[in-house]
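The block underneath contains the structure these notes are about, expressed in structure tokens.
The values are calculated or read from the model by the stated rules, or taken from the named source; none is laboratory data. On a predicted model such as this, the values are computed, not experimentally measured, just so you know. In this analysis, Cβ positions are derived from the backbone assuming ideal geometry, glycine residues included, and neighbour counts consider all displayed protein chains. These accessible areas exclude ligands, DNA and RNA; they are computed on the full protein's heavy atoms, side chains included. Shrake-Rupley method; radii C 1.70, N 1.55, O 1.52, S 1.80 Å.
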Amino acid sequence: MAATASPGTAGMDGKPRTSPKSVKFLFGGLAGMGATVFVQPLDLVKNRMQLSGEGAKTREYKTSFHALTSILKAEGLRGIYTGLSAGLLRQATYTTTRLGIYTVLFERLTGADGTPPGFLLKALIGMTAGATGAFVGTPAEVALIRMTADGRLPADQRRGYKNVFNALIRIAREEGVPTLWRGCIPTMARAVVVNAAQLASYSQSKQFLLDSGYFSDNILCHFCASMISGLVTTAASMPVDIVKTRIQNMRMIDGKPEYKNGLDVLVKVVRYEGFFSLWKGFTPYYARLGPHTVLTFIFLEQMNKAYKRLFLIFIFPPQCGSFLCSKGLWSVLPLLQLTLLVLILSVSLTVPWGELRNSSEYFQTLLGC
């Protein structure tokens, strides 16, 4: 007998009811944002380590632990969360775009009989989606790098961005709109390398573990394969990542940029700081990769379950056939929710509420006007 849909989730036509694509993209972005709240300190430590010793100066931090304790001592607990608003916006733009592009391309390249694309085509789709998402997320990435780097500078040299929106407005106003996409090439290159390395290394690692005879195809095998994949991905992408970090944080000296291009960064880092300096921040980068992925999927699963229980069954039952239940107005609401959430989080974490006396002063403080 053919399987039938559950009465609670079947639509009027008898087919299983699923959430709109816009909701899926929203949940992907929100899941990444939720994970970022937990791993932001590791991102900050990684960025600080990549910038330490720049220009053959003495390294500020000996190890990742030394970096973390130094930042906590100098800037306090709030200091290790500097740039959180930019990290949240990066996930909202990069993750949502990547998921959307991947889904669209995957569906278009699926055969008429439902045959999914092959491994190489999947890899190409993943790299294309990653590069596109990285381009869209570059402005938030630039803001993130600058905000996390600010605390290591002398007080008179700090940029002093209040939040990600203030950073974006000031960068566009003071340095021009193109500066928001500074370093977009290495940012996109890193996304391509990460996607390619993750796909290839995870598949090979899983096969190697299964062939060893010590593992079966279960969650332990998947976890070990993920950790090996993360190690390979980190090693492959770190040189590109340090190029991105240095370019996005650089200043103009006598009207000239500190670095001409990505190759110039690589040459100067190797010449003045040593070959292995290309992997500065390896430990926090690797430590961030695993938890961020795991937390993202945990949040994603919980949001999907909550949406299914709350909206598909309770608020909009299968018998509901109104416009609001369809792909019309309701599919637009998640985008508004996402914008509102980013705004609320950014403002609540960065605006000195006690110092504001009226709404006019609030908006001036928020936008840096």
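Here's the list of aspartates and glutamates a cross-link from LYS21 could span, going by alpha-carbon distance under 17 Å and ignoring same-chain residues fewer than 8 apart: GLU107, GLU301.
When you count the other C-beta atoms within 10 angstrom of each residue and take the mean per peptide, 239-246, 297-304, 190-197 line up highest first as 239-246, 190-197, 297-304.
Per-residue packing, averaged as other Cβ atoms within 10 Å, sorts the ranges 90-97, 250-257, 286-293 into the order 90-97, 286-293, 250-257, beginning with the highest.
The modelled label-to-label distance for the pair ILE219/LEU109, using points 7 Å beyond Cα in the direction of Cβ, is 3.2 nm. Shown are ILE125, ILE219, whose ranking by accessible area with a 1.4 Å probe and every protein chain present, most to least, is ILE219, ILE125.
Amide H contacts under 5 Å for GLU258: ARG251, ILE253, restricted to partners 5 or more places along the chain or on a different chain, H placed in the peptide plane at 1.01 Å from N. For the residue pairs LYS62/LYS162; LYS62/LYS244; LYS122/LYS280; LYS244/LYS280; LYS62/LYS280, alpha carbon separations beyond 20 Å are given by LYS62/LYS162; LYS62/LYS244; LYS122/LYS280.
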